[in-house]
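*Asks:* Here's a structure for you.
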Amino acid sequence: MNILAIDTSTFSLSVAVSTEQKVLGEFATNLKKNHSIRLMPLISELLTEVELAPTDLSAIVVAQGPGSYTGVRIGVATAKSMAWSLGIPLIGISSLEVIAWNGMHFPGLIVPLFDARRGQVYTAVYHSGEDGIEVVEEERIVLLENALQAWRELPGEPPMLFLGDDVALHQERIVEQLGSRAIFAPVSYSLPRAAHLAEAGRKAWAAGRTEDVAAFTPVYLQLAEAEAKWLAAQKK
């Protein structure tokens, strides 16, 4: 079972091929460059490196958002095209969950977040279970201030591990609200890993969860600013 995993939902671009037994290969960068130009050559290079042809793939897993609108679209469009042309299953996984896997075995709550501007963040809450990362609070877009107030009042005052490149933008306010309960991972833990995405996708596939390739769409959680303005203009 050879799974190709693709994550382009942030500045980070990550692709991996893995089996049930091991990660065969993984490429990742974290640069402000055009994913649409670089993604397919990177996939091709990775498959060549691990000595597989596209027809050797069993399934494709993609980070479906939230994140960068353009980045998410590129990854999802590429994954859909490949899955359709190869006739293999497609599995979508939350981009936030991919980051959360970096906190596997953390004893408290795991909180990935992406900045969504105007004081908002894309976030969710997870914890480490016996067989992977499990959802505690579903992904959403929320005012960080509101989320922090709710987390401050959680029973038992659990420690919370914050993950993601954008955490640094909000670290001061997080500490003000949560104090020593807020744990911040080293920068190397803040990047999504396609190898983790492949693992999450494998578990979803084993549970019988695959996507309708034709109907599958990205998860944005909110409209792009240009789309919101266009819709508002139509109502006038």
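*Asks:* If you roll a 1.4 Å probe over the heavy atoms of the protein chains, what accessible area per residue do you get for the chain, in Å²? Write out the running numbers ahead of the final one.
*Replies:* Numbers: 11720 Å² over 236 residues.
Ligands and nucleic acids excluded, the result is 50 Å² per residue.
*Asks:* What trypsin sites (Lys or Arg not before Pro) in the stretch 105-195 are in a loop by DSSP, with at most 14 other Cβ atoms within 10 Å of the Cβ?
*Replies:* R118
*Asks:* Give me the angle, in degrees from 0 to 90, between the Cα long axis of helix 69-86 and the longest principal axis of the Cα atoms of the chain, rounded to the nearest 10.
*Replies:* Taking Cα atoms only, the helix is inclined about 30 degrees.
*Asks:* For L154 and A207, calculate 0.36 nm times their separation in residues minus their Cα-Cα distance, and state this gained length in nm to one decimal.
*Replies:* Taking 0.36 nm per residue and subtracting the Cα distance, the gain is 16.0 nm.
*Asks:* Modelling each spin label as a point 7 Å along the Cα-to-Cβ direction, I'd like the E20/H105 distance in nm, to one decimal.
*Replies:* A separation of 2.3 nm, rounded to one decimal place.
*Asks:* Label points 7 Å out from Cα along the Cβ direction at S36 and Y189: separation in nm?
*Replies:* It is 3.6 nm.
*Asks:* Roughly how many percent of the accessible protein surface of the chain is carbon and sulfur, given a 1.4 Å probe and a whole-percent answer?
*Replies:* Values: 6290 of 11720 Å².
Taking all protein chains in place, the chain shows 54 percent carbon and sulfur surface.
*Asks:* Taking amide H positions as placed 1.01 Å from N in the peptide plane, with prolines and chain starts having none, which residues 5 or more places from G65, or on another chain, fall under 5 Å of its amide H?
*Replies:* HN-HN under 5 Å from G65: S95, V219.
*Asks:* Still on this structure: So if R0 is 30 Å, what FRET efficiency would A214 and D56 give, r being the distance between their Cβ atoms, rounded to the nearest 0.05?
*Replies:* 0.80
*Asks:* If one puts a single equal scatterer on every Cα of the chain and applies the Debye formula without solvent, what log₁₀ I(q)/I(0) results at q = 0.08, 0.16 Å⁻¹?
*Replies:* Evaluating at q = 0.08, 0.16 Å⁻¹ gives log10 I(q)/I(0) of -0.30, -1.11.
*Asks:* Residue by residue through the stretch 96-105, what is 3J(HN,Hα) from phi via Karplus (6.51 cos²θ - 1.76 cosθ + 1.60, θ = phi - 60°)? Round to whole Hz and write x for glycine and proline.
*Replies:* 5, 4, 4, 5, 4, 4, 5, x, 3, 6
*Asks:* Hey, another quick one. Note the angle between two axes, namely the Cα long axis of helix 225-234 and the longest principal axis of the Cα atoms of the chain, as a number of degrees from 0 to 90, rounded to the nearest 10.
*Replies:* Taking Cα atoms only, the helix is inclined about 80 degrees.
*Asks:* Given contacts defined as C-alpha pairs under 8 Å and at least six residues apart, what's the relative contact order of the chain, whole-number percent?
*Replies:* About 23 percent, as a whole number.
*Asks:* Let me ask something else about it. Identify the GluC sites (Glu not before Pro) of the stretch 1-60 meeting these criteria: DSSP loop state and at most 13 other C-beta atoms within 10 Å of the C-beta.
*Replies:* Here the sparse-neighbourhood loop sites are E20, E51.
*Asks:* Need the full-extension length gain, S81 to V175, defined as separation in residues times 0.36 nm minus the C-alpha distance. One decimal, nm.
*Replies:* So the extension gain works out to 29.5 nm.
*Asks:* Which whole-Hz ³J(HN,Hα) couplings does the stretch 151-158 yield from phi under the Karplus relation 6.51 cos²θ - 1.76 cosθ + 1.60, θ = phi - 60°, glycine and proline marked x?
*Replies:* Ordered by residue, 3J(HN,Hα) equals 5, 5, 9, 5, x, x, 6, x Hz.
*Asks:* Sum -39500 (n - 2.57) across every DSSP H segment of at least 4 residues in the chain, then divide by the residue count to get the 222 nm mean residue ellipticity, nearest 500.
*Replies:* Helix-only estimate at 222 nm: -11000 deg cm²/dmol.
*Asks:* Still on this structure, please answer the following. Using Cα-Cα distances under 8 Å and only pairs 6 or more residues apart, what relative contact order does the stretch 78-204 have, in percent?
*Replies:* Numbers: 197 pairs, mean separation 34.5, N = 127.
Relative contact order comes out at 27 percent.
The values are calculated or read from the model by the stated rules, or taken from the named source; none is laboratory data. From a predicted model like this one, the values you see are computed outputs, not experimental measurements. Every residue, glycine as well, gets a Cβ built from its backbone with ideal geometry; the counts of neighbours run over all protein chains shown. For the accessible areas, the whole protein counts, side chains as well, though only heavy atoms, and no ligand, DNA or RNA atoms are used. Shrake-Rupley method; radii C 1.70, N 1.55, O 1.52, S 1.80 Å.
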